[in-house]
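One structure is given here, and the rest of the page talks about it.
Read the figures in this text as sums done on the coordinates, not as results from a lab. Source: prediction; values computed, not measured. Every residue, glycine among them, receives a Cβ derived from its backbone with ideal geometry; neighbour counts consider all protein chains shown.
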Amino acid sequence: MASANALPQTGPVRFWDRLNISTKRVIWAWAFLAVPIIFYAGIRFYPTFQAFWLSLTNWDLLRPAQFIGFANYQKMFADPIFWKVFQNTFLYLIIGTPVSLVVSFVIAYYLDRVKLMHGFIRALYFLPFLTTAAAMGWVWRWFYQPVPIGVINGFLSSIGIAQQPFLRSVDQALFSILIPAIWAGLGFQIIIFMAGLRAIPNTFYEAAKIDGLGDWAILRKITIPLLKPTTVFLVVFSSIGFLRIFDQVYNMTTNDPGGPLNATKPLVLMIYQTAFSSYQMGYAAAQTVVLFTILLIVSLLQLYVLREKK
Amino acid sequence: MTMASTKELAANSRDIRPGRIIAWTLLLIGGLIMITPLLFMFSTSLKTSGQVYDLRLIPAAPTLDNYIKVLGDGRFMQWFFNSTLIAVTVTISNVFFDSLVGYTLAKFEFRGRYFIFLAILSTLMIPTEMLVIPWYLMSSQLGWLNSYWGIMFPGMMTAFGTFLMKQFFEGVPNDFLEAARVDGLNEFTIWWKIAMPMVVPAISALAIFTFLGNWTAFFWPLIVTTSKELYTLPVGISSFSAEASIQWELIMTGAAIGTIPTLLVFLLLQRYIVRGVMLAGLKG
């Protein structure tokens, strides 16, 4: 910012003094924005267009990129692994979002009324949000190990339930990864729900009580409708999170990332492998365009839902 | 009088009716289940390799040997330093630039203001995953691979932070800024000395979010670093754990080392962090 500070002094001082106040302020504004404009142009917009362009090429890091039209997209849509990955990604979304929202709402709803040890209990739920998935992925992985190592199987066998394969099973692995993913985000959602609950004016509740509504009716007719902006925000926030899931999957399946048999592989992991394991940059770029399109649709749906309300 | 006191009594007894006690107990149990993975992680990090199969939560003979072993070769110290340096630098940059841009968009009138605002806001729609391939290309051409700058540059400013700060600067009364202008302060000083102190809660919310986001970041640091000296803590933990294969007590120690700092910070700053998350979540 040295340059912005120095701006008034550089050049003919008289010229600066002759400018009127509003012109000076416009110059200040653009001086403040100069570095950020370069940043957003060079590190956000240019790479976005470049990703679209690369998706139409066969660039592989070795040879210069050649334009090949929509061949990457044709290859992708004809690839059964892509459709498997697409399905996995939506499973993460379709199970993860509603489960995490319902659970966090129920907890927030009751936690909001708790006064005894409120801060302590809230902290218990919030702590996992502060962990890094790279570390916790390994902790959960250890939890899922077979007897005698794994905690969960140890617990199951102690109460007489058969051992479960968890991460080793094509059917259970995706859910086994979803649980830590939901677990890690729950604290954030609870905090946001509680903030939303507190933002509802008390007069609504008082009026409802005068009308003789019970707890359940108040919840259905007042709390949930008035909480809609918070809920929409969390739906979008967590949907985007589950659509972009990567850290947990990568760390819980390192020996065969996305395995067994691609049963857990989400789109972002496929992008990572295509780009940085097989160096098919053009093909990977096409996959990122698909991810971009899905996220765009989710965001536009949010705008639509919120607009309808007004 | 008697009417009021019986009502009060009724209200009090309603507060401790069985439903409430059950709800409270269930919440507590749920909360304890939430931290079970953390408890087992710490517990196992204090066990010897022979005791790992003993699944009791409290180790029979707790030992810090694993920590000495894991921290001994200095790798974790290096990764810890890298992560801290990167998260702090990126946080300072975000607090500075996001505030500056948010302030400019909130308090200055000039042609193109709305366009700039929309342009920055629209970058929220672009997922990082789409940009990593061009960033990787850019980094390899400019020699930024395997450098701190290479890890940091994509996050130096964010649309989320800019939007958050703009919202808060809009609430700063113009009178204060005009008064400073009359006193002859220049625009930069007005922003830094007058406007910034008025949005401290927003700044701390932004700082907490940026720091936490960068401290736990995994995807881009994994891509841009190949030499172990430059790993961030999450990437380091991941590669260390993969190497340790089945030495779970060492893996848990690595995970604990990566988790302890944020937990300590949280315990110290719980009120501010929770408030910051609420603020950022509701306004952002």
Report the calculated FRET efficiency for A:Trp83 and B:Ile246 (r = Cβ-Cβ distance, R0 = 41 Å), to the nearest 0.05. 0.75
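Looking at the P(r) of region B:225-284, how many percent of alpha-carbon pairs lie beyond 15 Å?
63
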Gap in Å between the Cα centre of region A:237-263 and the Cα centre of region A:87-129? 21
Using a basic spin-label model with each label point 7 Å from the Cα along Cα→Cβ, how many nm lie between A:Phe155 and B:Ile68? 3.3
Taking only the alpha carbons of region A:207-310, what extent do you get along each of the three principal axes, in Å, biggest first? 67, 29, 16
Per q in 0.08, 0.09 Å⁻¹, report the Debye log10 I(q)/I(0) for chain A, using one uniform scatterer on each alpha carbon and no solvent. -0.57, -0.70
Checking the a/c ratio against 1.5 first, then a/b against b/c, what shape does the Cα gyration tensor give for region B:100-145? prolate
Report relative contact order for chain A in percent, whole number only (criteria: Cα-Cα under 8 Å, sequence separation at least 6). 26
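Can you pull a Stokes-Einstein diffusion coefficient for the protein assembly as shown at 4 °C (1.567 mPa s), Rh from Kirkwood over Cα pairs, as a whole number of µm²/s?
On the way: Rh = 26.5 Å.
So the translational diffusion coefficient is about 49 µm²/s.
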Contour minus Cα-Cα distance for A:Asp256 and A:Phe175 (0.36 nm per residue): 27.5 nm
Classify chain B: rounded, prolate or oblate, from the alpha-carbon gyration tensor (a ≥ b ≥ c, eigenvalue square roots; a/c under 1.5 rounded; otherwise prolate if a/b is larger than b/c)? oblate
Members of A:Lys84/A:Lys228; A:Lys24/B:Lys107; A:Lys84/B:Lys228 lying beyond 23 Å, as alpha-carbon distances in this model show: A:Lys84/A:Lys228; A:Lys84/B:Lys228
Per residue of chain A, what 222 nm ellipticity follows from adding -39500 (n - 2.57) for every DSSP H run with n ≥ 4, rounded to the nearest 500? -21500 deg cm²/dmol
Whole-Å distance, taken between Cα centres, linking region B:214-267 and region B:82-98: 19
Shape descriptor, region B:163-236: equivalent ellipsoid semi-axes (Cα gyration tensor, sqrt 5λ, whole Å, largest first) stand at 39, 13, 8
In debye to the nearest 20, the charge dipole size for chain B, taken about the Cα centre with +1 at each Lys and Arg Cβ and -1 at each Asp and Glu Cβ, equals 600
Give, rounded to the nearest 20 debye, the magnitude of the charge dipole that the protein assembly as shown has about its Cα centre when Lys and Arg contribute +1 at Cβ and Asp and Glu contribute -1 at Cβ. 1080
Whole-Hz ³J(HN,Hα) from phi, Karplus 6.51 cos²θ - 1.76 cosθ + 1.60, for region A:32-48, glycine and proline x: 5, 8, 4, 5, x, 5, 4, 4, 5, 5, x, 10, 10, 6, 4, x, 4
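Given C-alpha coordinates of region A:86-196, what is the ratio Rg to Rh with the Kirkwood estimate of Rh? Present the calculation step by step, with values, prior to reporting the outcome.
Numbers: Rg = 15.9 Å, Rh = 15.5 Å.
Reported Rg/Rh (Cα atoms, Kirkwood Rh): 1.02.
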Once label points are set 7 Å from the Cα along Cα→Cβ at both B:Leu142 and A:Gln66, what is their separation, rounded to one decimal in nm? 3.0
Please express the shape of region B:144-284 as an equivalent ellipsoid: the semi-axes are the square roots of 5 times the eigenvalues of the C-alpha gyration tensor, given largest first in whole angstrom. 39, 19, 11
J(HN,Hα) series, region B:150-162, from Karplus relation 6.51 cos²θ - 1.76 cosθ + 1.60, nearest Hz, glycine and proline x: x, 6, 7, 4, x, x, 4, 9, 9, 5, 4, x, 4
Name the long-range amide H neighbours of A:Thr57: under 5 Å, sequence gap of 5 or more, or other chain; modelled H, no Pro or chain starts. A:Ile68
Return the distance in nm (one decimal) between the two label points of a simple spin-label model at A:Val298 and B:Glu109, each offset 7 Å from Cα along Cα→Cβ. 4.0
For chain A, build the charge dipole from Cβ charges (+1 Lys, Arg; -1 Asp, Glu) around the Cα centre, then report which of A:Leu156, A:Ile38, A:Leu127 sits farthest towards its positive end. A:Ile38
